Structures are given as structure tokens and as C-alpha cells.
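**Q** Sharing a structure below in C-alpha cells format, with a few things to ask.
The values are calculated or read from the model by the stated rules, or taken from the named source; none is laboratory data. In this text, all values refer to a predicted model and were calculated from it rather than measured experimentally. Neighbour counts run over all protein chains shown; Cβ positions are idealised from the backbone, glycine included.
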């Protein structure tokens with residue numbers, strides 16, 4: 001009989017044998033199977049969860065925050081919350097959307113914390129400065145990206161999330177509603193407010209003004 | 001005229017940046033690293049109860065401490081065993097050694113702080129947070145070591161080097177004693193190889209690197225131009241060779257634009273991209289004539305005729321007699337534009353402006369060929385006569401003889 005705790009496989013090489021030679025590969029397959037394994041606190045299930053949805057969680061957090069030094073820690077926070085709350089997940093087939101909603105919740109909490117701290121301290125703490133400088137890229141593109149996130153910093157956390165997921169990520173209204181845990185109507189309202197604020201700021205910036213004009217989805221909701 | 005992107009293009013750009021940043025890899029590296037994210041606000045601002053906060057911290061610790069694969073053991077100082085995630089700070093008055101099971105050793109200078117972010121059977125991932133480390137990495141076929149220094153990553157196979165990070169000025173200094181390392185991250189879109197005897201200074205905040213080659217330090221090319229002229233073949237060859245200590249160096253004392261360093265290292269596309277990012281027009285105003293020739297060569301060799309012409313033209317205005325800029329413009333017209341009459345005019349200009357230029361034989365041969373391709377056979381034959389008289393053993397002798405038959 002193999003003890004559950006001794007069964008290990010490690011991402012990103014799930015087929016590699018651990019040193020003790022005890023291998024019982026995770027049975028892969030559906031999200032529902034994965035959820036069962038997570039509820040059983042299987043070690044390889046945690047790795048599988050990360051491997052399967054790490055990129056998705058990272059993408060959502062980066063869309064909301066931009067390129068930020070805190071992203072790796074926030075990714076781990078998302079998975080830690082998911083791991084802790086997996087027993088509360090009612091529909092095991094909705095794992096991806098549920099993880100997305102945790103990612104958005106984590107990003108929103110972080111944004112609000114950061115805003116409070118800025119209000120409190122009045123300046124950027126060094127650890128908030130992005131670690132990743134701009135790579136050589138078309139100048140207009142990198143400038144537009146950084147200016148867009150500067151303007152997003154003036155929106156409320158909810159407006160910013162809706163705006164980033166809709167216009168930068170290109171998600172549908174339904175998908176945004178799912179990960180934000182609100183109705184489509186609420187998403188539309190947040191987008192509308194966010195767009196108004198964005199336009200107000202962009203009026204002073206010709207690059208952003210043209211960016212809006214170039215974007216097909218602008219004005220849809 | 002600027003090209004304003006759409007939100008879709010911003011997404012593409014952001015995806016490239018997040019891939020480059022390696023957030024997922026870092027998140028994975030921090031699993032097994034028992035260092036929860038620092039509290040981002042004062043405790044009294046939190047909305048969570050203490051119990052809830054402790055529960056969240058416990059779940060994060062559980063997630064982070066999930067077991068890692070077999071890994072190199074290492075000790076700190078006088079033999080204290082440590083594990084992945086250990087934060088190490090050398091005392092203010094003495095060095096602190098880290099010794100790994102494969103014989104690799106990192107000596108942290110006094111006051112240095114670092115973290116062993118992760119370990120595996122092939123090596124370790126260290127983060128130098130502040131100060132200086134002298135490393136002696138034992139070479140093994142499968143070894144894989146990485147040192148993060150600010151925004152830069154130093155990939156190591158086996159070597160001896162000295163690296164420091166000044167967190168205040170955000171400058172990395174790297175000195176290679178043996179072997180080679182590859183430095184990436186920061187403003188570098190491709191890894192830059194640093195070899196034994198070279199010293200690299202990388203400035204995280206102003207997109208600039210300085211690479212100096214040990215005893216063979218080379219100062220920036222100075223005007224006037226004739227002393228700096230290089231045969232065409234030498235410029236092309238550099239695209240295929242790794243930067244050697246004596247050829248891919250710039251002054252360690254002067255401030256050198258990133259594109260100059262990349263061009264010297266034969267990374268022409270990167271050099272052009274870096275110049276674009278710095279503002280191509282502004283660089284054409286700012287750079288010396290010799291540097292502009294290097295920029296123009298990089299643009300030409302990476303296929304950008306318009307940028308090459310722009311930089312050669314700017315160089316012409318800064319170099320005595322135009323330097324070899326007219327010759328470069330001739331190459332662009334000939335090779336990239338297919339405008340042979342225009343090319344011939346440029347080669348003629350070069351021959352007129354540079355009576356003792358190092359590229360006269362090449363320019364005369366190209367002039368002959370340009371007239372021939374333009375269908376101007378009388379001009380081509382006239383140049384062929386001159387070519388055979390001056391360069392009877394030149395590479396275009398056969399063409400010249402054929403034209404005169």
C-alpha cells in the first residue's frame with residue numbers, strides 16, 4: 001500500500017520519476033477529476049492545477065495590473081486560495097471560471113490595498129516598481145501600453161478590471177461577468193463609467209485618442 | 001508619421017512582455033520558497049480578522065511549501081545546512097560563503113544579501129538582492145545555474161565570475177575570470193554573451209550596457225573617418241561571429257548607447273530595434289559619424305534600406321569627406337533598391353571624395369558592375385579598363401575582362 005503523501009510528480013516534468021521511485025501519475029483528464037484529486041489533497045493535483053491554469057491566471061492578473069513585480073506572488077496567492085476553498089466549488093466542471101474569479105478577486109484586493117497605501121504614504125514604494133523594463137519594441141506600442149495603464153490607474157478597481165478584460169484582453173461581456181461574479185448589466189455599467197473616465201484622460205493624449213479610434217470594440221457595450 | 005496601435009496590438013505587446021518576464025516561472029520558483037508576499041498595508045487597515053489572515057497565510061504556506069524535486073544540498077558559513085528559499089545576509093564585517101554539494105561556491109562579500117530561490121539537481125537559482133558575490137561554478141555537462149541581478153539574469157554553465165548589484169543606482173557589474181556566461185533580461189531582447197576577461201556594466205534604468213574586454217579595451221571609434229574604414233567583408237563577417245574580447249568591446253569609461261554595443265556584437269536587428277526605441281532620428285542627430293556608420297551598417301545588414309540611407313546620410317554630414325557613407329549608400333541602392341544608376345552615382349561620389357579610401361577597389365568593381373547592370377555598357381567598359389589597370393588581381397578581374405572582350 002502506497003502512502004498518499006509519498007506519491008509525487010512534479011511539474012513541468014510529470015513523467016519524471018521521483019527519487020524514491022514511487023510514481024502514480026495523476027490521472028489527467030477532466031477538470032472534474034482534477035477537482036476530486038484536489039479535494040483529496042493529492043500533491044500531484046496541485047501541480048496539475050498550476051500546469052493547467054497557471055498561464056490563464058497569469059494572463060488575467062497581468063491584464064488587470066499590467067507588467068508588475070508582484071505578479072508571481074499574486075499567482076501563488078490565487079492558487080493558495082483555490083487550494084484552500086476547493087471544497088466550496090459546487091460545479092466541478094466550472095473550475096476554470098472559478099479560478100478566474102479568484103484571480104480577479106485577488107487582483108482587485110491588491111489594487112485596493114495599493115491605492116490605500118499610496119493614499120497613506122503618498123508615493124510609490126520601491127517594491128512596487130516594475131522589475132521588467134520595456135524590451136525593444138515599436139515605440140508607439142510600448143508608449144501606448146504604459147500610458148494606457150497609467151490612465152487605468154485613475155479608474156476604480158472594478159472599472160479598471162472590466163475595462164482591461166474587455167478592451168485589452170478582448171473577453172466577452174459574459175466572460176467578464178463570470179470572472180467578476182456580477183451580472184452582464186453590471187459589467188456594462190462599469191464599462192460605461194470606465195470608458196467615460198478613460199476618454200476624459202485620453203483627450204489630453206493624442207496617442208491614446210487615436211488608440212481608441214483604432215479599436216473595433218470601443219463603444220460596443 | 002507615427003503608427004498608433006490598437007488595443008489588440010497592446011495585448012500582443014503585453015503578451016510578449018509577460019512571456020519575457022517569466023512570471024509563471026518565478027511563481028513556480030517561489031513554491032518551495034517559504035516567503036509569503038510581504039503584507040502590503042498596515043495591519044490596522046486590513047479588513048480581515050487576525051484569524052482569517054492566519055488561515056490565509058497558512059494556506060499560502062501550504063501551497064508554497066509543496067515538495068520540490070531532488071536538489072543540490074548547500075551550506076552557509078561554517079556548515080549550517082540550508083534549503084531553497086533561504087535568505088542570506090553576510091555580516092557587515094566579513095564575507096559569507098555558500099557551498100553547494102557539487103563543489104560550486106558563492107562568496108558573498110560583507111553586507112551582501114541574497115536568496116537561494118530554488119534548487120534542483122542541476123544547480124540553483126540565486127537572487128542577488130544587494131552587494132557582491134564571487135562565484136566559482138563547477139562545470140558539469142548538465143549543470144544549470146542562474147543568478148538574478150536586478151532585472152538581469154546571468155545564466156551560468158561553469159565559470160568563475162564576480163557580480164555585484166547596486167540597488168541604489170540599479171547598476172550591475174559583472175567580471176568574468178573564466179568561461180562564459182549569458183546575460184539576459186532588462187533591456188536586452190537577446191542574451192548577451194560575456195567571456196573570460198570581459199567586464200560588463202548594465203544600467204537598468206537607462207537601457208545601456210558597457211562591455212569592456214580585459215586588457216584589450218577599445219575606445220569608441222573616433223573621427224576622422226578614413227582611419228575607421230573597414231572593408232565590406234569585415235562588416236559582413238561580424239554577423240556570423242560571436243563577439244570576441246577584442247572585437248565586441250566599447251569603452252568602459254564612456255557612455256555608450258545600447259544599439260552601439262549590440263551592433264559591435266553583430267546583433268544587427270537588435271541594434272536597429274534599440275535605436276528605434278531610443279528614437280532613431282534623435283540618435284542620428286546625437287551620434288558621432290563613426291557610430292552612425294555602425295548604425296547604418298546594422299540597418300543595411302538587417303534589411304532596412306530606409307533606415308540605412310538615413311543613417312549613412314547623417315554620417316556623411318559628420319565625417320570629413322563623407323567617410324565611407326557614400327559607399328554604403330551605393331550598397332543600399334545596388335543590393336536593396338536595385339537602382340543601379342543611383343548606385344553608380346554613389347560609388348563615383350565615394351571615389352571622388354576618398355582619394356585614398358580603403359574601399360576604392362571594391363567601389364570601382366561595384367561601379368563597373370552597376371553600369372553593366374544598368375545597361376550602360378560604354379561606362380562599364382571604361383571602368384573595366386581602369387579596374388584592370390589598378391587592380392589586375394582584384395576579385396572583379398574576370399568581369400572586367402569579359403566586358404572588354
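Listed here are the residues, each with its yes/no results for (1) surrounded by fewer than 16 Cβ atoms within 10 Å (Cβ to Cβ); (2) at pLDDT 75 or above; (3) closer than 20 Å to residue B:127 by Cα; (4) more than 14 Å from chain A (Cβ to nearest Cβ).
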position	(1), (2), (3), (4)
B:168	yes, yes, yes, no
B:177	yes, yes, no, yes
B:186	no, no, yes, no
B:194	no, yes, yes, yes
B:200	no, yes, yes, yes
B:207	no, no, no, no
B:210	no, yes, no, yes
B:217	no, no, no, yes
B:222	yes, no, no, yes
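**Q** Restricting attention to the stretch B:234-288, which residues are surrounded by 16 or more Cβ atoms within 10 Å (Cβ to Cβ), at pLDDT 80 or above and assigned to a loop (DSSP other than H, G, I, E, B)?
**A** Residues satisfying the conditions are B:287, B:288.
**Q** Also, I was wondering about something else. Could you count how many residues in the stretch A:42-64 are over 21 Å from the mean Cα position of the chain (by Cα) and either at pLDDT 80 or above or within 9 Å of chain B (Cβ to nearest Cβ) (or both)?
**A** So the count comes out to 1.
**Q** Please enumerate the residues belonging to the stretch B:377-405 that are part of a loop (DSSP other than H, G, I, E, B) and either over 28 Å from residue B:316 (Cβ atoms) or modelled with pLDDT of 90 or more (or both).
**A** B:392, B:393, B:405
**Q** Please work out if residue A:71 is more than 9 Å from chain B (Cβ to nearest Cβ) and in contact with a helix residue (DSSP H, G or I) (Cβ under 8 Å, 6 or more places away or on another chain). Give the steps one after another, and end with the answer.
**A** On the way: more than 9 Å from chain B (Cβ to nearest Cβ): no; in contact with a helix residue (DSSP H, G or I) (Cβ under 8 Å, 6 or more places away or on another chain): yes.
No.
**Q** Is it the case that residue A:152 is more than 12 Å from chain B (Cβ to nearest Cβ), surrounded by 17 or more Cβ atoms within 10 Å (Cβ to Cβ), in contact with a helix residue (DSSP H, G or I) (Cβ under 8 Å, 6 or more places away or on another chain) and modelled with pLDDT of 80 or more?
**A** Against the criterion (more than 12 Å from chain B (Cβ to nearest Cβ), surrounded by 17 or more Cβ atoms within 10 Å (Cβ to Cβ), in contact with a helix residue (DSSP H, G or I) (Cβ under 8 Å, 6 or more places away or on another chain) and modelled with pLDDT of 80 or more), residue A:152 does not qualify.
**Q** Let me ask something else. Name the single residue that is surrounded by the most Cβ atoms within 10 Å (Cβ to Cβ) among those in the stretch B:111-153 being outside any strand (DSSP E or B), under 22 Å from the mean Cα position of the chain (by Cα) and in contact (Cβ under 8 Å) with a residue 40 or more places away in the chain. First the steps, then the outcome.
**A** Taking the stretch B:111-153 and keeping what is outside any strand (DSSP E or B), we get B:111-112, B:121-122, B:138-144, B:150-151.
Right, trim to under 22 Å from the mean Cα position of the chain (by Cα) and you get B:144, B:150-151.
Okay, now just the ones that are also in contact (Cβ under 8 Å) with a residue 40 or more places away in the chain, so B:150-151.
Details: B:150: 23, B:151: 21.
Only one residue tops the list, namely B:150.
**Q** I would also like to ask the following. Return the pair list, or none, for Cβ contacts closer than 6 Å from residues in the stretch A:69-96 that are under 13 Å from residue A:54 (Cα atoms) to residues that are outside any helix (DSSP H, G or I), at least 6 apart or on different chains.
**A** A:73/B:37
**Q** Just give me the residues in the stretch B:289-316 being modelled with pLDDT under 85 and outside any helix (DSSP H, G or I), in sequence order.
**A** B:302, B:303
Residue by residue, here is whether (1) at pLDDT 90 or above; (2) crowded, with 17+ Cβ neighbours inside 10 Å; (3) in contact with a helix residue (DSSP H, G or I) (Cβ under 7 Å, 6 or more places away or on another chain) holds:
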{"residue": "A:87", "(1), (2), (3)": "no, no, yes"}
{"residue": "A:93", "(1), (2), (3)": "no, no, yes"}
{"residue": "A:97", "(1), (2), (3)": "yes, no, yes"}
{"residue": "A:108", "(1), (2), (3)": "yes, yes, yes"}
{"residue": "A:119", "(1), (2), (3)": "no, no, no"}
{"residue": "A:134", "(1), (2), (3)": "no, yes, yes"}
{"residue": "A:161", "(1), (2), (3)": "yes, yes, yes"}
{"residue": "A:171", "(1), (2), (3)": "yes, yes, yes"}
{"residue": "A:174", "(1), (2), (3)": "yes, no, yes"}
